[in-house]
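This report refers to the structure that appears directly beneath it.
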Amino acid sequence: MLIAVDGPLASGKGTIARALAARYGLPHLDTGALYRAVAVAMMEAGEDPADPDAAERAARNLDPDAIDEAKIRTAGAGAAASVVSAHPGVRAALLKVQKDFAARPGGAVLDGRDIGTVIAPDAEVKLFVTAGEEARAWRRRSELVGRGETIAYDQVLAQLRERDARDASRSDAPMTKAADAVELDTTDMTIDEAVQAAIDIVEQRRTR
């Protein structure tokens with residue numbers, strides 16, 4: 001079974017995707033981690049994430065098995081990843097990695113922003129996870145503070161709005177809900193409620 005989970009930052013898609021992978025015994029890929037890793041590699045090399053040629057080189061040299069989770073989960077890495085992910089060359093360089101993962105025998109769970117539309121358009125189950133921007137900003141701030149960062153809510157909200165706009169308006173594989181995806185609004189849900197709602201959607205699709 002192949003499950004595609006899309007949605008904006010801090011909507012809960014990653015948590016839901018990991019829970020679904022555990023529930024159904026499937027491998028999971030957070031595709032956003034790939035873009036974050038490219039962004040971190042560029043910043044560590046002193047390169048500008050807005051440079052499309054340098055970004056493509058970094059993407060082609062990326063070793064997915066060597067990604068440092070601590071480094072890619074910062075606010076700075078997230079903001080830079082949004083810039084990096086808008087470059088067509090970067091998306092092309094990372095496309096095969098993602099498609100190969102989606103083609104694993106037995107299925108997989110992938111989460112990102114273009115899984116159901118570009119990476120795995122034939123996925124048996126597609127979820128588009130969303131939530132109100134204020135709820136997402138509070139969640140994101142709590143995550144960053146929990147990792148030791150000092151950042152104001154207003155700053156997180158501004159970054160989130162900027163990232164949403166960039167992800168939705170980029171020319172190559174913009175973030176959009178697949179026509180056959182089921183939308184799941186987690187604004188007023190606890191984590192357990194959101195996961196259960198996602199499981200219910202998967203079960204409904206499996207019984208069709």
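The values are calculated or read from the model by the stated rules, or taken from the named source; none is laboratory data. In this text, all values refer to a predicted model and were calculated from it rather than measured experimentally. Heads up, the Cβs are rebuilt from the backbone with ideal geometry, glycines too, and the neighbour counts pull from every protein chain shown. Note: accessible area is taken over every heavy atom of the protein model, side chains too, but ligands, DNA and RNA are not part of it. Shrake-Rupley method; radii C 1.70, N 1.55, O 1.52, S 1.80 Å.
The table for this structure:
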{"item": "Calculated SAXS-style log₁₀ I(q)/I(0) at q = 0.08 Å⁻¹ - the stretch 2-197, Debye, Cα scatterers", "result": "-0.24"}
{"item": "Accessible carbon and sulfur surface of the chain relative to its total accessible area, %, 1.4 Å", "result": "50 percent"}
{"item": "Taking the stretch 136-194 and dividing mean pair separation by its residue count, relative contact order in percent (alpha carbons under 8 Å, at least six apart)", "result": "22 percent"}
{"item": "Whole-angstrom Cα spans of the stretch 99-163 along principal axes, big to small", "result": "43, 23, 16"}
{"item": "Contour minus Cα-Cα distance for Ala103 and Arg161 (0.36 nm per residue)", "result": "17.6 nm"}
{"item": "Nearest-0.05 FRET efficiency for Arg60 and Met1, computed from C-beta distance (R0 30 Å)", "result": "0.45"}
{"item": "Integer Hz, Karplus 6.51/-1.76/1.60 couplings in order for the stretch 177-182, x for Gly and Pro", "result": "6, 5, 4, 9, 7, 9"}
{"item": "For peptides 10-19, 65-74, sequence by mean Cβ density within 10 Å, most packed first", "result": "10-19, 65-74"}
{"item": "P(r) tail fraction, the stretch 35-131 - alpha-carbon pairs more than 18 Å apart, %", "result": "49 percent"}
{"item": "Debye, to nearest 20: dipole size of the stretch 2-197, +1 on Lys, Arg Cβ, -1 on Asp, Glu Cβ", "result": "180 debye"}
{"item": "Under 11 Å, Cβ to Cβ, from Thr15 - net charge with Lys/Arg +1 and Asp/Glu -1", "result": "-1"}
{"item": "Å² of accessible area per residue within the chain, as computed with a 1.4 Å probe and no ligands counted", "result": "47 Å²"}
{"item": "Cα centroid separation, the stretch 7-45 to the stretch 152-197 (Å)", "result": "13 Å"}
{"item": "The stretch 78-207: relative contact order as a whole-number percent, Cα under 8 Å and 6+ apart", "result": "33 percent"}
